[in-house]
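Quick notes on the structure that follows.
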Amino acid sequence: MEPKGRVSISTPQGAAVLLLGTAIGLFVLKVVVGLATGSISIWAQAVDSSLDIFAVVVTFLTVGFSAKPADEDHPFGHGKIEDIAAGIQALLLLGASAAIAYSAIRRILSGEQIKLEEAGIAVMALSMVVSIFLSRHLFRVSKATGSVALEANADNIRGDAYSTGGVLVGLVLVRFTHLNIIDPIIALAVVVLILRATYRVGRMAYSGLLDVRLPKSEEDIIASAIMEHTGQVPGFHEMRTRKAGNQRFIDLHLMLPKNISVEEAHKICDHLEGDLKTKLPNINVTIHVEPCDNPECEQCKVAECSEHEADGSRKG
């Protein structure tokens, strides 16, 4: 049990605080060693860390806001603020990529040498290890809570770990071969990794802001959950899905037997919503009930439909 006044690092808010403190610490180290060595690849890492800090601040401000329940002015909740944060992060990553690439090309043309490679190697090794453990923790928290912003940051930190490893290898090669051109070349490789992360984060933001449907795997889970009620539900159609932040929204048309009461229909819908919420987290379901119009009721597995058809035949 957490002491009062302290936030667990297993919550989105606590994970954001941990991420912010770590990002600031790594940024300071990289700036210091970048100044000392003159390495463009280390400066690329410092720029990336500065963007991490900004992204974490945005995340810290948004994860609490996005978790607020729906209110009168925001009937669908506040989840899209996380998608906006992810979009801002993607734009910043894109700008940083251009700046790093420009500096690296200038360094290749100038042929400037770096110094104190050992200090750079030590800081990059420490940064890589810290980034690996931090990204794993953030992924666990984002998966448990469904936080899009945290997932975007976790993916970014994981990319940092790979790019830091590349910089580390480059500095080791420079130390033993004295080929200083390796440093800006490694910086350009870091740019490629940053652009890869930019694409993934940007696609995530795009999906949320433009209400892209849920992944097919999740829609299959929804359809399977509905069809588990074949003894009560003849079928469904017009299903629409979307996601805002960590909130999933589903609306569908549910066919029910013509002769059941409104109360019975309400109970079936409530039961179905409960089943869906056990299979997918943070789900909001809206169901429009329609009477079954299947002309082949004799083949229907729903008892009420078959009984209704039988009654109609006897009356005829």
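Sort out which residues of the stretch 215-233 are modelled with pLDDT of 80 or more and either out of contact with any helix residue (DSSP H, G or I) (no Cβ under 8 Å at 6 or more places or on another chain) or farther than 28 Å from Leu256 by Cβ (or both), and write them in order of number. It would help to see each step written out before you state the result.
Taking the stretch 215-233 first, the residues modelled with pLDDT of 80 or more are 215-228.
Those that are modelled with pLDDT of 80 or more and either out of contact with any helix residue (DSSP H, G or I) (no Cβ under 8 Å at 6 or more places or on another chain) or farther than 28 Å from Leu256 by Cβ (or both): Pro215, Lys216, Ser217, Glu218, Glu219, Asp220, Ala223, Ser224, Met227.
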Next on the checklist: Tell me the residue from Ser131, Ser97 that is part of a helix (DSSP H, G or I), closer than 19 Å to Val28 by Cα and either aliphatic (A, V, I, L, M) or not assigned by TED's automatic domain parsing to the domain that holds Arg242 (or both), please.
Outcome noted: Ser131
Checklist entry - Among the residues of the stretch 190-198, is there at least one that is at pLDDT 85 or above, within 32 Å of the chain's Cα centre (by Cα), farther than 21 Å from Leu35 by Cβ and basic (Lys, Arg)? => result no
Checklist entry - Does Thr198 satisfy the condition of being free of Cβ contacts under 8 Å to residues at least 60 places away in the same chain and closer than 23 Å to Ala104 by Cα? => result no
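Please indicate, with yes or no, whether at least one residue in the stretch 302-314 is modelled with pLDDT of 85 or more, over 24 Å from the mean Cα position of the chain (by Cα) and over 19 Å from Gly146 (Cα atoms).
Looking through the stretch 302-314, none of the residues is modelled with pLDDT of 85 or more, over 24 Å from the mean Cα position of the chain (by Cα) and over 19 Å from Gly146 (Cα atoms).
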Checklist entry - Taking interchain pairs and intrachain pairs at least six residues apart, which have beta carbon atoms under 6 angstrom, with the first residue in the stretch 37-55 and closer than 16 Å to Ser135 by Cα and β-branched (Val, Ile, Thr) and the second surrounded by 24 or more Cβ atoms within 10 Å (Cβ to Cβ) and at pLDDT 80 or above? => result Ile53/Ala23
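Residue-wise test of (1) surrounded by 14 or more Cβ atoms within 10 Å (Cβ to Cβ); (2) in contact with a Pro (Cβ under 9 Å, 6 or more places away or on another chain); (3) in the same structural domain as His271 (by TED's automatic domain parsing); (4) not aromatic (Phe, Trp, Tyr).
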| site | (1), (2), (3), (4) |
| --- | --- |
| Leu195 | yes, no, no, yes |
| Ser224 | no, no, yes, yes |
| Met227 | no, no, yes, yes |
| Gly235 | yes, no, yes, yes |
| Asp251 | yes, no, yes, yes |
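The values are calculated or read from the model by the stated rules, or taken from the named source; none is laboratory data. Keep in mind it's a predicted model, so treat the numbers as computed, not measured. Cβ sites come from the backbone with ideal geometry, for glycine too, and all protein chains shown count toward neighbours.
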